[in-house]
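The block underneath contains the structure these notes are about, expressed in structure tokens.
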Amino acid sequence: MHVMAGILRDTAGRVLLAQRPPGKHLAGLWEFPGGKIEPGESPWHALVRELREELGIDVEDGKPLIRIPWRYEKGELCLDAWLVERWDGEPASLEGQALQWALPEAVDLSMLAPADRPILQALRLPSVYAITPADAQQADWGVWRERVADAIERGARLIQLRLPLWSREAVRELAATLLSSARLRGVWLMLNEDIEGARQLGDGVGVQLKSAQLNACAERPLPLHQLVGASCHDAAELVMAASLSVDFATLSPVMPTASHPGALALGWERFETLVEAASLPVFALGGMSPADLYQARRCGGQGVAGIRGFW
């Protein structure tokens, strides 16, 4: 079942949510408005029709955001989410459902239908994910504090502190000293594999799970208000990440890298195939630079992640 979802975003950055009415599957939960594609309809025409029927508006422009394949007890669907920022008319409830406008950052994920949660995360997440170099020395703690602080000032919104040559305590201290500035600007600091450190530091700090950790997890390791990322390399790991309600994944290596010369690169065609089947936002990693962002987005990815070219 192919279902269109319209993410209406107003000039204040708020998005429109609709509540599923009594008697329907997942009644009481909130979702992005939309509906099923009819036979012979294109996704765009279905989106325009559904939002006119449901909200009484005429959509003037829209662009794909993310496609979420999802399996419920009663069947499977592909939730095709498009971002809409231009429309004519005032959205109104024509089918009796409750409506509300909310900033994406203020929405509680637990109030959304499960298939709509990855859509919200795709809205919240940036398109660039900067990762610190693995050869950074703990003796350069002050240098890296300044470099990460500068990245925050320049607009970076998702930064992984991947510092394998450092003690966990030093990495946690680095995150703690940057946390007030990061929270003020809506920046997420991700600790590499340190679940306990993320729990201790709380809001604004998440964890990036290694693939071995991912396969060992029985449940999501942090509450929904803290980000969890997963380092994935194939379809099975992407499925595992989605089953644990991980917020996003990195998929690597897309291109050959100097750090892993023997690793077989996926290439863009394989990356696109894997992303199409993934039920969460996916960043391209491995041989990436900010210049690869357009290609990653064209292949359905959330964006690009990288090390050397991102500092």
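Of the residues in region 209-234, how many are free of Cβ contacts under 8 Å to residues at least 12 places away in the same chain and closer than 20 Å to Val187 by Cα? Adding up the residues that qualify gives 1. Here the condition is being at pLDDT 95 or above and more than 27 Å from Pro104 (Cα to Cα); of Ala175, Ala170, Ala216, Ala156, it holds for Ala170 alone.
With the structure loaded, tell me whether Val143 is more than 21 Å from Gln302 (Cβ to Cβ) and β-branched (Val, Ile, Thr) or whether it fails that test. Answer is yes for this residue.
For region 185-214, the set of residues classified as closer than 16 Å to Ile152 by Cβ and of a type in the set (D, E, K, R) consists of Arg185, Asp203, listed by residue number. Being surrounded by fewer than 17 Cβ atoms within 10 Å (Cβ to Cβ), touching a residue at least 40 places away in the same chain (Cβ under 8 Å) and either within 16 Å of Pro126 (Cα to Cα) or not polar (S, T, N, Q) (or both) is the requirement here; does Arg308 meet it? For Arg308, the condition - surrounded by fewer than 17 Cβ atoms within 10 Å (Cβ to Cβ), touching a residue at least 40 places away in the same chain (Cβ under 8 Å) and either within 16 Å of Pro126 (Cα to Cα) or not polar (S, T, N, Q) (or both) - is met. The condition (being part of a helix (DSSP H, G or I), touching a residue at least 60 places away in the same chain (Cβ under 8 Å), under 21 Å from Val207 (Cβ atoms) and among the basic types (Lys, Arg)) is satisfied by just one residue among Arg172, Arg117: Arg117.
Taking the stated definitions as given, is Asp140 assigned to a loop (DSSP other than H, G, I, E, B), in the same structural domain as Gln226 (by TED's automatic domain parsing) and not polar (S, T, N, Q)? When the stated conditions are applied, Asp140 does not pass them. Against the definition (surrounded by 16 or more Cβ atoms within 10 Å (Cβ to Cβ), over 23 Å from the mean Cα position of the chain (by Cα) and either in the same structural domain as Leu99 (by TED's automatic domain parsing) or at pLDDT 95 or above (or both)), how does Glu50 come out, yes or no? When the stated conditions are applied, Glu50 passes them.
The values are calculated or read from the model by the stated rules, or taken from the named source; none is laboratory data. Because the structure is predicted, anything quoted here is derived from the model rather than measured. FYI the Cβ positions are ideal-geometry reconstructions off the backbone, even for glycines, and counts take in every protein chain you see.
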